[in-house]
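Comments concern the structure below.
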Amino acid sequence: MNGIEYFDEEYLDVVSYILTPDSSEKIVEIVIDANAWSLMDYYSRTGSNMLMEYQDTDGYTYVLFGFWDVFIYRVKICRNKATVKNQNLYYSYFYHTDGTSANYPVGVAGTPDFAAKEPEDGLNSILGEVKKRLSNLGERDLSIEYMSRQVEIIEKRLDGYEKGKVSLEKFLDYENNNRCLPIFILDKLYVSRDKYDYDSPFYKNIISILGEPEKYLIQKEEKNEILQRYVHMNDEGEFAEYIRVLISFYKWLISK
């Protein structure tokens with residue numbers, strides 16, 4: 001039936017849980033463990049999903065499902081086939097909103113242990129954190145993919161600006177964050193280049209350099225200050241060359 005040709009006994013607990021609604025077996029729990037959340041946050045972007053399978057010393061294999069960088073569920077899959085060692089290496093998989101994905105090794109010393117509770121109790125424990133994370137879902141994903149697309153657009157528009165066919169106002173489009181924000185970010189990256197941590201992912205450097213909690217926005221006062229500097233550079237005939245420097249630095253940075 002339904003293409004199922006055989007039944008593997010190792011999945012008996014999960015199957016019984018699915019077929020028996022009033023089962024007391026705790027198959028699905030919500031993770032409240034800070035280490036698991038730190039793992040998800042380190043590699044996630046806005047709205048990313050995470051997947052990681054690991055073996056616990058209680059005799060079971062679990063999978064962590066991180067949804068949108070907001071929730072993490074722990075699902076009991078089956079009894080372990082392998083013995084848990086003192087040193088264990090697992091892989092976490094991340095799926096981003098732009099369609100890209102990546103995997104990262106996770107080394108665990110000793111007992112793999114992620115604190116979790118039944119969904120209702122777990123959610124009540126972390127409700128404030130979840131609300132904050134849900135509010136962040138509307139933020140912009142400042143990934144390499146996003147920035148690289150914007151750099152291509154900036155380069156194309158730069159030719160017209162240099163030839164005098166496009167004014168500074170139209171080149172920057174002050175009121176359109178999708179057009180001026182990437183230039184501000186390139187500027188921030190270049191000015192803060194001595195603080196860039198080459199051992200950390202690009203996305204985490206962006207967040208660190210832009211600063212919390214306004215990690216995706218340039219505040220009005222700062223924006224006006226930056227724009228005044230750009231106007232002065234434009235009047236001095238230096239702005240186009242500066243943009244070329246920013247673009248060159250960015251391309252060098254992501255090639256590292």
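Where a number appears in this text, it was derived from the coordinates with a stated rule and is not lab data. Note that the structure is a prediction, hence the values are computed from the model and not measured. A quick note on method: Cβ atoms are made from the backbone with ideal geometry, for glycine too, and the neighbour counts reach across all protein chains shown.
In which sequence would 73, 91, 198, 43 go, from the one with the fewest C-beta neighbours within 10 Å to the one with the most? Could the numbers behind the result be given before it?
Values: 73 17, 91 12, 198 8, 43 21.
With the fewest neighbours first, 73, 91, 198, 43 line up as 198, 91, 73, 43.
Taking the beta-carbon count within 10 Å as an exposure proxy, list 192, 92 from fewest neighbours to most.
Ordered from fewest to most neighbouring Cβ atoms within 10 Å, 192, 92 come out as 192, 92.
I need to check one value: relative contact order of region 144-254, counting alpha carbon pairs closer than 8 Å and at least 6 residues apart, in percent.
In percent, rounded to a whole number, it is 29.
Using a Förster distance of 45 angstrom, determine the FRET efficiency expected from the C-beta separation of residue 228 and residue 98, and round it to 0.05.
0.85
Computed over the Cα atoms, what is the radius of gyration of region 144-254 divided by 2.2 N^0.38 Å, N being its residue count?
Relative to the rule-of-thumb radius for its length, region 144-254 sits at 1.04.
Once both labels are modelled 7 Å past Cα along the beta-carbon direction, what's the residue 167-residue 145 spacing in nm?
Placing both labels 7 Å beyond Cα along the Cβ direction yields 3.7 nm.
What does the charge add up to near residue 242, with Lys and Arg as +1, Asp and Glu as -1, over the other residues with Cβ less than 11 Å from its Cβ?
Summing Lys/Arg as +1 and Asp/Glu as -1 gives -2.
For the pair residue 65 and residue 236, how long in nm is the line joining their label points, each one 7 Å along Cα→Cβ?
5.7 nm
Obtain the nm distance between the two label points defined at residue 53 and residue 251 by a simple spin-label model: each point lies 7 Å from its Cα along the Cα-to-C-beta direction.
Label-label distance for residue 53 and residue 251, simple model: 4.2 nm.
Near the amide H of residue 53, under 5 Å away, which other amide H atoms are found, from residues 5 or more places off or on another chain, if H is placed in the peptide plane?
Long-range HN contacts for residue 53: 64, 91.
Restricting to lysine pairs 8 or more places apart or on different chains, what number in region 144-254 have Cα atoms under 25 Å apart?
Summing the qualifying lysine pairs gives 28.
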